[in-house]
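A quick write-up on the structure given underneath.
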Amino acid sequence: MAYDFDLFVVGGGSGGIAAASRAAGHGARVALAEADRLGGTCVNRGCVPKKLMVYAARFSDQFTAAASYGWQVEQSTFHWPTLRAAIAQETERLNGVYQAMLDDAGVALFPHYARFVDGHTLAVGDRTVTAAKILIAVGGRPKLPGNIPGIEHAITSDDIFHLPQQPRRLVIIGGGYIGSEFACILNGLGTEVIQIIRADRVLRGFDDDLRCEIHGAMQQRGIKIIAHSESIAIAPAEAGVTVTVTTPHGQDTLLCDAVNLAATGRIPNLEGLGLERIGVQLKEGAIAVDAQQRTSVSHIFAVGDVTEHPSLTPVALREGRQFADAEFGPTPVPINYDAIPSAVFTTPEMSTVGLTEVEAQTKFGPGDVQIYRTHFRPLHNTLSNLETKALVKLVVQTSTDRVLGAHMVGDHAAEIMQGIAIALTMGATKADFDVTVAIHPSIAEEFVGLE
């Protein structure tokens, strides 16, 4: 059968665009459907605009530190609409970059939603198209909890970038990385922030030492964290909304502006795709794929947040390119999911790669795991009297001396961890770290001097 395209990509986020461009570069006839702006979550509602907000929020500390270093700093003020407009302008610029990338590669763009008619046919806008292979790369969307009365009065992380005015008092529901990042961002910009979490500390799933460090630092900065929440209810009030939270210690009723942020996770954006028509199997709400990104239907593939793999933009990029190389080009380079670095852009920042202490002890036994850590005040903070400390930690397998995990809290943690991730990917040992000459004075040098 002759198909309209060799490959049709459903979704114009990082993974979909990477796959489409790479496959077209290998000579395939490629089309892509995206009804929203190009770039997906990362460019429009995630990594990029959020990191720009992080930069803005950290100026408050920089102004404080500058005076201690001899600078005469006049009174500073922050203007939310200026930041909002600048972020929107940068987002629009990146949308154009992605458009140019598809144009240069010769990828046909359909600015519409796509849904399956059958295994090789998609309804796109007012027409149908066929393809030999189809890649699903529609990403994820925020998940609102269904057990909170009045949740319709909350906004999600997708909405925070479009608020016309800065909230004066904000309640954040959720202790994951999204909720914790926005708690630190808004706190740094001058908003009074209250964060409600179910666990005892923020950032469940990360290394416990890092969780403790970030939790304490957030509280020190003035973020009120209500832990062990048992129930939450939201109701409109004359001056905004009230959030009533119940814990084992009693009940609090909190008044915030007309918005409050629910950051309780994300789910694959599968609604309306028509997967039930073609037999693509799901696993815990995500598309199940093999090592080649192939679904249960042999000619249909999936990459990125829509699968069960880590929901990280660089993972989606690698998966998209790996798929394109495997199906249309040379032999692809396999992805090592055990050594994927990640960062949480709280203040202070944290970053990690490999196994946590608990994961390593569970996998290899407590007797075969050695922990190396140090907790110190960075040189930068000694003159400024900033109280924020840094934490550096290595998890090492005793029997092999191999470094199983590296973790850090402190300035530039993400930048430092990228280099450490290369070492872990190559199988570095603690001895390899020990014989590496340090760069002094730096925070990163602590990784090669741990005892």
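Between Val241, Val193, the distinction of being assigned to a strand (DSSP E or B), outside the structural domain of Ala413 (by TED's automatic domain parsing) and closer than 23 Å to Thr388 by Cα belongs to Val193 only.
With respect to Ala28, is the statement that it is within 24 Å of Gly106 (Cβ to Cβ), under 29 Å from the mean Cα position of the chain (by Cα) and among the hydrophobic types (A, V, I, L, M, F, W, C) true? Give the steps one after another, and end with the answer.
Working: within 24 Å of Gly106 (Cβ to Cβ): yes; under 29 Å from the mean Cα position of the chain (by Cα): no; among the hydrophobic types (A, V, I, L, M, F, W, C): yes.
No: the conditions fail for Ala28.
Among the residues of the stretch 89-106, is there at least one that is touching a residue at least 24 places away in the same chain (Cβ under 8 Å), buried (at least 16 other Cβ atoms within 10 Å of the Cβ), farther than 14 Å from Gly39 by Cβ and among the β-branched types (Val, Ile, Thr)? Within the stretch 89-106, none of the residues are touching a residue at least 24 places away in the same chain (Cβ under 8 Å), buried (at least 16 other Cβ atoms within 10 Å of the Cβ), farther than 14 Å from Gly39 by Cβ and among the β-branched types (Val, Ile, Thr). For the stretch 329-365, filtering for residues that are more than 19 Å from Pro314 (Cα to Cα) and either surrounded by fewer than 22 Cβ atoms within 10 Å (Cβ to Cβ) or hydroxyl-bearing (Ser, Thr, Tyr) (or both) leaves 14.
Restricting to the stretch 126-149, give me the number of residues that are of a type in the set (Gly, Ala, Ser) and modelled with pLDDT under 95.
Filtering the stretch 126-149 for residues of a type in the set (Gly, Ala, Ser) gives 131-132, 137, 139-140, 146.
Restricting the remaining residues to those that are modelled with pLDDT under 95 gives 146.
The qualifying residues number 1.
Tell me which residues, restricted to the stretch 277-295, are surrounded by 15 or more Cβ atoms within 10 Å (Cβ to Cβ) and either assigned to a loop (DSSP other than H, G, I, E, B) or touching a Cys at 6+ places or on another chain (Cβ under 6 Å) (or both).
Filtering the stretch 277-295 down to residues surrounded by 15 or more Cβ atoms within 10 Å (Cβ to Cβ) leaves 278, 280, 282, 286-289, 293-295.
Correct list: Ile278, Val280, Ala288, Val289, Gln293, Thr295.
Which residues, taken from the stretch 145-162, are surrounded by fewer than 17 Cβ atoms within 10 Å (Cβ to Cβ) and part of a loop (DSSP other than H, G, I, E, B)? Correct list: Pro145, Gly146, Asn147, Pro149, Gly150, Asp158, Asp159. Name the single residue, out of those in the stretch 300-322 being touching a Lys or Arg at 6+ places or on another chain (Cβ under 8 Å) and more than 17 Å from Cys47 (Cβ to Cβ), that is surrounded by the most Cβ atoms within 10 Å (Cβ to Cβ). In this case the residue turns out to be Phe301.
How many residues are assigned to a loop (DSSP other than H, G, I, E, B) and not aliphatic (A, V, I, L, M) if we restrict to the stretch 196-217? Let's see the steps before the verdict.
Pass one, the stretch 196-217, residues assigned to a loop (DSSP other than H, G, I, E, B): 197-207.
Next cut, not aliphatic (A, V, I, L, M) only: 198, 200-201, 204-207.
Result for the stretch 196-217: 7.
Of everything listed in (1) more than 16 Å from the chain's Cα centre (by Cα); (2) farther than 29 Å from Ile232 by Cα; (3) assigned to a loop (DSSP other than H, G, I, E, B), the single unmet condition for His309 is (1). Applying the selection to the stretch 193-245, what residues are in contact (Cβ under 8 Å) with a residue 60 or more places away in the chain, over 23 Å from His407 (Cα atoms) and in contact with a Lys or Arg (Cβ under 6 Å, 6 or more places away or on another chain)? Passing the criteria: only Ile194.
The values are calculated or read from the model by the stated rules, or taken from the named source; none is laboratory data. None of the values given here were measured: they were computed from a predicted structure. With ideal geometry, Cβ positions are generated from the backbone for all residues, glycine too; neighbour counts draw on all protein chains shown.
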